[in-house]
1. Size of the dipole of the range 1-145 about the Cα centre, Lys and Arg at +1 and Asp and Glu at -1 on the beta carbon, nothing else charged, in debye to 20?
2. Between SER155 and GLU77, what is the FRET efficiency for a Förster distance of 45 Å, r being their Cβ-Cβ separation, to the nearest 0.05?
3. Put +1 on the Cβ of each Lys and Arg and -1 on the Cβ of each Asp and Glu in the range 163-217; which of VAL216, ALA183, ALA169 then has its Cα farthest toward the positive end of the dipole?
4. How much length, in nm to one decimal, is gained on full extension between ASP200 and ASN104, taken as 0.36 nm per residue of separation minus their Cα-Cα distance?
5. Please give the residues of the range 206-232, grouped as numeric ranges, whose backbone N is less than 15 Å from a label point set 7 Å along the Cα-to-Cβ vector of ALA248.
6. Rounded, prolate or oblate: which fits the range 42-184 when a ≥ b ≥ c are the square roots of the eigenvalues of the alpha-carbon gyration tensor, with rounded for a/c under 1.5 and prolate only if a/b beats b/c?
7. Taking H placed 1.01 Å from N in the peptide plane, check which residues at least 5 places from GLY208 or on another chain put their amide H under 5 Å from its amide H.
8. Going by the alpha-carbon gyration tensor, a ≥ b ≥ c the square roots of its eigenvalues, is the range 152-261 rounded (a/c under 1.5) or, if a/c is not under 1.5, prolate (a/b greater than b/c) versus oblate?
Amino acid sequence: MDLIGFIENSSKNFVLESNVPTLAKTEPCMLGIDEAGRGPVLGPMVYAAAYCAVSQVDILKRKGVADSKTLTEEKRENLFSLIDEASDMMGWIIEIHSPNVISNCMLRRSKYNLNALSHDSAIMLIKKALDLGVNVTEVYVDTVGQPEKYQSKLSSIFPDLKITVAKQADATYPVVSAASICAKVARDNSLKSWKFAEGDSFQDIEYGSGYPNDPVTKKFLCNNIDPVFGFPQLVRFSWSTADKILQAQAVEVKWEEVDDENSPKKSQNLLKFMSDGSQTKTAMPKSHSFFTQRNLHQTSNL
């Protein structure tokens, strides 16, 4: 499957999946989970699951799968092609988290950090495989956070499955190595084929690997910030790297204070005003015409 043809700019998460081989429905299967793109300030984070029949794991080893971080880009692409072509013995599922969704999650009033997002993605991938009819009996996960706590969490949700959560699982279990390759190839292709919603003027600009210590990425961030609207959607604006640049280059926005009419403070002030004619009514600040013309109001609930 040509991932570039499927992965483009999106403000929403989306899921890609291979066909499920008949063997995976009839024989006990192991499933591995890993991620790519946790640290970059640009582009999506990708979680992937790879699965195969337990009886086929030696064949998977012979394909040469390994931790994607130890492989060249060309080797990863070749191995993903081999994994995708082995549709008679194995399959994969990929969830792509867009930069917008990642940032919005991390900036919620009720905190939702990367660990929670990663756990939820892993849970979704396991459920997705089961819903597709994959006969999953064993699950291997590269840990996020404490392995024991994470493993206990997954085991409580999937009590019928043998769950193993471990550090460096991508270098230990071939099925996790396969997932690592799927995630990394999807992440790389997504970054290379990104289509900017902000216009074609961005298309020919170099933005590097997306990691904060990449000088090309740093240059892209510094040179492509709008003082009012901030960064293009490719950027995870909740990252400290991006936030520091925003603080230095973006204009300061002062929002009007709008009281909740049901708040005790407003109710008490209103009662006081109505009961005492000597009180002088204080004018409330007016919204800027930009907001009133578009019928835009502040809200705390979406």
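Only the coordinates and a few stated rules stand behind these numbers; no lab work does. Note that the structure is predicted; figures quoted are calculated from it, not measured. Don't worry about glycine lacking a Cβ; one is built from the backbone with ideal geometry, like all the others, and counts go over all protein chains shown.
1. Approximately 600 debye in magnitude.
2. It comes to 0.80.
3. Projecting each Cα onto the dipole axis, the largest value belongs to ALA169.
4. Difference between extended and current length: 32.1 nm.
5. 212-227
6. Taking the square roots of the gyration eigenvalues as a ≥ b ≥ c, the range 42-184 is oblate.
7. Here nothing satisfies the definition.
8. oblate
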